[in-house]
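The values are calculated or read from the model by the stated rules, or taken from the named source; none is laboratory data. Here the structure is a predicted model, which means the values were calculated and not measured. Here the Cβ positions follow ideal geometry from the backbone for every residue, glycine too, while neighbour counts run over all protein chains shown.
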Amino acid sequence: MSPLTLAILLLLLLGSIWTFIYIQSRPKDPKNEYKLPPGPQALPIIGNLHMLGSLPHRSLHSLAKKYGPIMSLQLGHVPTIVVSSPQAAELFLKTHDTIFASRPKLQLSYLSYGTKGMAFTEYGSYWRNIRKLCTLQLLSVSKIESFAPMRKEEVGSLVQSLKKAAAAHEVVDLSGKVCELNEEITCRMIFGRSSDDRFDLKTLIEEAFNLTGAFNLADYVPYLGPLDLQGLARRMKKWSKALDIVFENIIKEHEKIPTSGQQDRETDFIDTLLSLMNQPMNPHDEQVYIIDRTNIKAIILDMISGAYDTSAAAIEWTFSELLRYPRVMKHVQEELERVVGMNRMVEETDLAKLPYLDMVVKESLRLHPIGPLLIPHESMEDIEVNGYYVPKKSRILINFWAIGRDPCVWSDNVKEFHPERFINNNIDLKGRDFQLIPFGSGRRRCPGMHLGLTTVKYVLAQLLHCFHWVLPSGLLPNDLDMSEKFALTMQRAKHLFAVPTYRLLG
């Protein structure tokens with residue numbers, strides 16, 4: 001027997017003993033003082049990891065039908081609570097929001113400068129300060145509106161290229177076009193440059209999404225980390241070093257040639273952050289945090305992760321449903337004709353006058369949330385929720401994909417794309433209505449919601465107003481492949497192809 005095989009067997013033996021002791025020590029007997037939520041029986045070492053499958057949001061939805069909307073799992077050594085109803089989500093994200101406002105410490109820290117950013121950082125004074133800085137300086141309404149001319153320019157360029165494709169009756173890779181558009185908008189907003197100038201960065205970002213979407217055994221069974229057969233830890237370290245070099249070069253370029261010295265360059269996120277460097281994030285806080293280069297890099301990475309392909313995925317899924325339901329596309333176009341007319345393109349100021357488009361976006365996010373399980377929360381202390389004991393350091397998974405298909409909320413036709421279900425109700429996307437929380441709720445609600453919705457609605461409105469879209473010849477609406485690919489964001493498994501026809505009179 002080789003030394004490696006012996007080491008593996010020893011690890012498995014120790015792991016089995018540890019897991020048995022750990023599971024036996026957990027309070028799970030209803031007769032005891034504490035009562036965990038119901039859930040399936042866990043196996044030694046891996047717990048319930050084998051039950052997640054390739055699409056965890058779907059697997060957990062099926063389990064919740066048996067065990068209820070507050071369900072207990074053991075994912076490796078991590079006690080996990082899965083929430084699958086609006087009422088349960090409100091308990092965790094509103095009633096007891098403070099207790100569940102933290103994030104678990106994952107291997108992803110390699111990808112976020114040791115959690116110096118915002119999205120994956122544990123709850124506390126530092127997180128409050130960094131979120132406030134990002135909300136006020138980068139994601140405010142006025143800041144987002146300042147990029148409106150840039151978005152108009154980029155979307156206008158896409159319209160012109162699609163106009164040529166329409167004249168030639170070409171089949172368009174809509175997924176590819178929308179993804180390229182979102183990359184351009186994101187890079188110009190953050191770096192002030194086209195994505196074509198940042199090919200190395202594009203490659204690194206794609207690798208980041210692959211890494212964050214990969215299953216990492218060490219996050220659930222730490223002592224099996226040496227058995228990292230995919231080499232995730234090594235890849236993460238290599239990736240973080242390469243990305244840091246790219247970020248450092250970009251920051252040095254901005255320091256060398258500030259916005260004032262380059263008239264054709266927009267004031268981007270890096271310019272804004274550099275103007276704040278070496279200043280306190282919040283001078284009125286008891287513990288003062290000074291903005292340094294590491295903070296700037298971590299914030300930049302958070303902004304990229306939150307914007308790079310999320311809006312593109314939302315647009316893809318919405319177009320997919322519109323191609324499957326031509327009557328809905330027709331209603332959107334009729335609304336655009338009434339509000340905008342056929343002699344000009346859509347402006348961002350028109351979006352507030354398009355209530356049916358707003359319903360279409362809500363319905364798309366209900367059926368196809370960009371983050372079906374949201375970002376995991378973590379309990380900061382022992383607590384009782386709805387009569388169940390939730391131990392400290394439990395991981396909380398909010399299965400919004402399941403909430404969006406709850407027949408008690410959305411009636412029996414939950415799988416149908418039916419925007420009219422939002423007529424005459426006040427459900428919004430701001431996290432107050434727990435039946436529709438694609439951006440989360442409470443303290444950890446996504447601060448980039450306004451930016452994301454503005455981009456999604458503007459691109460959809462422009463492309464639907466300028467063009468009519470049909471599936472390629474021979475493909476019927478019901479034949480469209482709607483398979484999902486689970487990663488950091490939930491994307492289509494296959495690219496979406498469609499044929500445009502130009503509609504405007506001008």
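Summary of computed values
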| read-out | value |
| --- | --- |
| Which listed residue, of Ser275, Ser240, is out of contact with any strand residue (DSSP E or B) (no Cβ under 9 Å at 6 or more places or on another chain), surrounded by 11 or more Cβ atoms within 10 Å (Cβ to Cβ), of a type in the set (Gly, Ala, Ser) and modelled with pLDDT under 85 | Ser240 |
| Of residues in region 439-483 being hydroxyl-bearing (Ser, Thr, Tyr) and closer than 23 Å to Leu357 by Cβ, the one surrounded by the fewest Cβ atoms within 10 Å (Cβ to Cβ) | Thr454 |
| For Gly371: the one exception among (1) modelled with pLDDT under 95; (2) of a type outside the set (Asp, Glu); (3) in a helix (DSSP H, G or I) | (3) |
| Region 470-493: number of residues that are within 27 Å of the chain's Cα centre (by Cα) and in contact (Cβ under 8 Å) with a residue 60 or more places away in the chain | 10 |
| Residue tally, condition under 24 Å from Met345 (Cα atoms) and in contact with a strand residue (DSSP E or B) (Cβ under 7 Å, 6 or more places away or on another chain), over region 478-506 | 7 |
| Asp285 being modelled with pLDDT of 80 or more and more than 30 Å from Leu365 (Cβ to Cβ) | no |
| In region 278-306, residue surrounded by the most Cβ atoms within 10 Å (Cβ to Cβ) [restricted to those that are part of a loop (DSSP other than H, G, I, E, B) and in contact with a Pro (Cβ under 9 Å, 6 or more places away or on another chain)] | Ile291 |
| From the options Lys35, Lys28, residue that is more than 20 Å from Ile403 (Cα to Cα) and at pLDDT 90 or above | Lys35 |
| Any hit, region 129-143, residues being over 24 Å from Lys392 (Cα atoms), touching an Asp or Glu at 6+ places or on another chain (Cβ under 9 Å), among the polar types (S, T, N, Q) and in a helix (DSSP H, G or I) | yes |
| Residues being assigned to a loop (DSSP other than H, G, I, E, B) and surrounded by fewer than 19 Cβ atoms within 10 Å (Cβ to Cβ) - total across region 311-344 | 5 |
| Glu347 vs. criteria within 25 Å of Phe191 (Cα to Cα), among the charged types (D, E, K, R) and either modelled with pLDDT of 95 or more or surrounded by fewer than 17 Cβ atoms within 10 Å (Cβ to Cβ) (or both) | yes |
| Pairs with Cβ under 8 Å, 6+ apart, first in region 101-114 and within 11 Å of Asp219 (Cα to Cα), second modelled with pLDDT under 65 and of a type outside the set (Phe, Trp, Tyr) | none |
| Candidates Leu133, Leu73, filtered to the one that is modelled with pLDDT of 95 or more, closer than 30 Å to Ala208 by Cβ and not hydroxyl-bearing (Ser, Thr, Tyr) | Leu73 |
| Residues of region 256-268 that turn out to be out of contact with any Phe, Trp or Tyr (no Cβ under 8 Å at 6 or more places or on another chain) and modelled with pLDDT of 90 or more, as a count | 0 |
| Members of region 137-177 that are hydrophobic (A, V, I, L, M, F, W, C) and within 21 Å of the chain's Cα centre (by Cα) | Leu138, Leu139, Val141, Ile144, Leu174 |
| Test: residue in region 417-432 that is in contact (Cβ under 8 Å) with a residue 24 or more places away in the chain and under 19 Å from the mean Cα position of the chain (by Cα) | yes |
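Per-residue answers, yes or no, for (1) polar (S, T, N, Q); (2) surrounded by 18 or more Cβ atoms within 10 Å (Cβ to Cβ); (3) modelled with pLDDT of 70 or more; (4) assigned to a loop (DSSP other than H, G, I, E, B):
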residue: Met189; (1), (2), (3), (4): no, yes, yes, no
residue: Asp197; (1), (2), (3), (4): no, no, no, no
residue: Leu204; (1), (2), (3), (4): no, yes, yes, no
residue: Phe215; (1), (2), (3), (4): no, no, no, yes
residue: Pro226; (1), (2), (3), (4): no, no, no, no
residue: Leu229; (1), (2), (3), (4): no, no, no, yes
